[in-house]
Structure formats: C-alpha cells, structure tokens
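Bear in mind that the values in this text are calculations on the coordinates, not laboratory data. As the structure is a computational prediction, the values presented were derived from the model and not from experiment. Reconstructed Cβ throughout: ideal geometry from the backbone, glycine too, with neighbour counts over all protein chains shown.
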Amino acid sequence: MGIDIRTVGIIGAGQMGSGIAHVCAMAGLDVRLNDRDPARIRSGLATIDGNLARQVAKGTIPEEQRRGAMARIAGADTFDDLGACDLVIEAATEDESTKRLIFSTLCASLRPDALVATNTSSISITRLAASTDRPERFIGIHFMNPVPVMQLVELIRGIATEDPTYESAKAFIAKLGKTSTMSEDFPAFIVNRILLPMINEAIYTLYEGVGSVESIDTAMKLGANHPMGPLQLADFIGLDTCLSVMQVLYEGLADSKYRPCPLLVKYVEAGWLGRKVKRGFYDYRGETPVPTR
C-alpha cells in the first residue's frame, strides 16, 4: 500500500524549492520549507507570497486562496522540524556530495514510513538512494522550472524503489494537477537527455562561427517553432547547470557526443552564468537583452 501524502517537507528554499512549496500549498497540502540558511527560508516565503499576489492581481486566483496557501507553508529551521512529513523532497544545489550529506543526516529525523525524494535533474537516483536508510522508499521527483508554470514532472525509480513508493509519488503529482512521466534511472533522464545536448550543439554552432547568438536563436524559434531560442533558454536555466548536466551525461555514458562545448566551459569560468547574474549569452543589464557574441 502506498502512503497518502498530506504533509510535504522541502529542503532548499531557492527557485526550485520555493516553486515546489508554492504548488503543494496551492493543492491543499501542508508544507515545511527548510534551508541551511534561515534568511533563504524567509526570502523563499516572500517569493511565494509575491508570486501568489501576482496571480491575485491578474485575477487567476481569489485572495482567500492566496491566504490559505500561505497559511499552509511554515519554515523548518532543522531536519527535526520535518519529522511529521509524509514525503520530504530535496531541492538543494545540483551537487552529488551535498545531496548525499543531506540524505545521510536527514533520515534519523523522519518517521520510518516517510518517503524521501530528490529533485535532481541528472544525478543517479540509485546512488543517492544508497545514502539513505530507506532506498526502497526513495524516488526521483524532477519538477521543471518554473514549477508553478510547467506541467511535466519526471518520476525516476532507482533500482531499489518499490511499487508503493512509485504509486504514492504518482498520486501526489496528480494531486498537484500536473502530469508525470516515468523515466528509467539513466543519466539526465528524459527531458535533459534530449534538451541539453541540443543546447550544447547550439553553443558549438556559435563556437564554430556558424551563426551569431541572434541568428541561432531566431533560426530555432522560427524554423523549429520553439518558444525560446536555445541560447536564451541556456541563460534561463543557468549555464553552470547546463554544464553540470552535460558533465553527468559525458561521464555517465562515456560518449564523445556529450562533450561539453569549450565555449560553455569558458562562460562558466567567467562567471557569466545567464539571467541570474545578468550576463550569459545575452547581457541583461540594460533595457533589453543584448547578445554577448
């Protein structure tokens, strides 16, 4: 039998963590938002409140729904504050050693029947599960960014994940009003396995001088009907995240077609990581974004 998920703990109050908290609270679930930095918990709560207020201003949700959702989210300063959760989702930085440390410390605070999940976009679920005391109750739940807007969630079973865990996770995603797909536990799963090599290829196209930033993005927007060009999308995702996913693919599958483009490496070395730092393939410091190449 699966577990009915009513209270969700989230570790990491950044963009992804606060987005997951937002959709869980809107679906009527109780949420405990944890981060090792208490200031990030406060800023995560403020971000959620601001996003909900914008929805109220647009008329997409009534004010009482915003108030109800915010009342269901509480900050959790320690892992012990997650003790009552049915499910805890880790949404910390995309770094394996950080995630493993969280899982090895977290489990002592949880009920024996609680489920544990990771929002990783590329790291082995089987390996992460092995750092917990409950690999059979561990699963990958990969939300897309921005969480409140994107419809898809990838569910990834590790080698030890049992059926009731998968069924509970699937029911949880349905409760959020989102669509889940099942992916096997191979590097980068489905979406990033296809998307990131396309972005990496676009960067190679720029690196080799085949086209400028503007011409590549225009070509894919109008020639392939993509809502946003691949270089613009890379800036939105974060070039450091793009590089880390390509490294996971390259190391995990040992195929030269996944080699990260040297120009991507160079931009990350320069600290030009995209929109979050106002410079990537575009410069966002002025009125309108200007290509940097």
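Hey, if you put +1 on the Cβ of every Lys and Arg and -1 on every Asp and Glu Cβ in the chain, which of Phe281, Val56, Leu253 ends up farthest toward the positive end of that dipole?
In the chain, that residue is Val56.
May I ask what percent, to the nearest 5, of DSSP beta bridges between residues of region 77-188 are antiparallel? Mind showing how you got there, number by number?
Working: 5 of 17 bridges.
DSSP beta bridges in region 77-188 are roughly 30 percent antiparallel.
Would region 205-293 count as rounded, prolate or oblate if I go by the C-alpha gyration tensor, calling it rounded below 1.5 in a/c and otherwise prolate when a/b exceeds b/c, oblate otherwise?
It comes out oblate by the Cα gyration axes.
Based on the Cβ-Cβ distance of Met70 and Arg6, what FRET efficiency does E = 1/(1 + (r/R0)^6) give at R0 = 25 Å, to the nearest 0.05? Spell out each step's value before the answer.
On the way: r = 18 Å, r/R0 = 0.71.
After rounding, the FRET efficiency stands at 0.90.
For a quick protection proxy, order the peptides 165-172, 178-185 by their average other-Cβ count within 10 Å, most packed first. Mind showing how you got there, number by number?
Details: 165-172: 20.2, 178-185: 15.2.
The peptides rank, most packed first, as 165-172, 178-185.
What is the antiparallel percent of DSSP beta bridges lying wholly in the chain, to the nearest 5? Walk me through the intermediate numbers first.
Numbers: 9 of 34 bridges.
If we restrict to bridges inside the chain, about 25 percent are antiparallel.
Magnitude of the Cβ-charge dipole of the chain, K/R +1 and D/E -1, about the Cα centre, nearest 20 debye?
On the way: 31 positive and 35 negative charges, 129 e Å.
Its charge dipole is roughly 620 debye.
Gaussian network model of the chain, Cα springs within a sub-10 Å range: biggest mean-square fluctuation belongs to which of Val149, Val245, Val213?
Fluctuation is largest for Val149.
Would you list Val8, Val268 from fewest to most Cβ contacts within 10 Å? Mind showing how you got there, number by number?
Values: Val8 28, Val268 20.
Result, fewest neighbours first: Val268, Val8.
Beyond 15 Å, what share of the Cα-Cα pairs of region 123-218 is found? Please give it as a whole percent. If you can, show how the numbers build up before the last one.
Details: 3028 of 4560 pairs.
Every Cα pair in region 123-218 considered, those over 15 Å come to 66 percent.
Output wanted: per-residue J couplings in Hz (rounded whole) for region 272-284, from phi through Karplus 6.51 cos²θ - 1.76 cosθ + 1.60, θ = phi - 60°, x for Gly and Pro.
8, 9, x, 4, 5, 10, 6, 8, x, 6, 10, 9, 9
Determine, for Phe79, Phe281, Phe143, the number of other Cβ atoms within 10 Å of each Cβ, and report the residues in order from fewest to most. Intermediate results must be reported in sequence, preceding the final value.
Working: Phe79 18, Phe281 28, Phe143 23.
By the 10 Å Cβ count, ascending, the order reads Phe79, Phe143, Phe281.
Under the definition of Cα pairs under 8 Å and six or more residues apart, what whole-number percent is the relative contact order of region 156-285?
Working: 136 pairs, mean separation 27.7, N = 130.
Relative contact order here is 21 percent.
Using the count of nearby Cβ atoms within 10 Å as a rough guide to exposure, how do Met220, Met228 rank from fewest to most?
Met228, Met220
May I ask you to derive the relative contact order of the chain, considering only C-alpha pairs under 8 Å and at least 6 residues apart, and to give it as an integer percent? Could the numbers behind the result be given before it?
On the way: 519 pairs, mean separation 39.8, N = 293.
Over the chain, the number comes to 14 percent.
Give me log10 I(q)/I(0) at q = 0.14, 0.22 Å⁻¹ for region 181-242, Debye formula, one equal scatterer per alpha-carbon, no solvent.
Debye curve over Cα of region 181-242, log10 I(q)/I(0) at q = 0.14, 0.22 Å⁻¹: -0.42, -0.90.
Measure nothing but the geometry: give the 0 to 90° angle between the long axis through the Cα atoms of 38-58 and the longest principal axis through the Cα atoms of the chain, rounded to 10°.
With rounding to tens, the tilt is 80 degrees.
Mind pulling the angle between the C-alpha long axis of helix 239-253 and the longest principal axis of the chain? Nearest 10 degrees, somewhere in 0 to 90.
80
I need the shape label for region 11-128. Rule: rounded when a/c is under 1.5, else prolate if a/b > b/c, else oblate, with a, b, c from the alpha carbon gyration tensor. Intermediate results must be reported in sequence, preceding the final value.
Values: a/c = 2.10, a/b = 1.78, b/c = 1.18.
Verdict is prolate for region 11-128.
Calculate how steeply helix 191-207 sits against the longest principal axis of the alpha-carbon atoms of the chain, using the helix alpha-carbon long axis, and give the answer as 0 to 90 degrees to the nearest 10.
Value to nearest ten degrees: 20.
So what is the orientation-averaged projected area of the chain, using the convex hull of its C-alpha atoms, in nm²?
Working: hull surface 62.3 nm².
Averaging across all directions leaves 15.6 nm² for the Cα convex hull.
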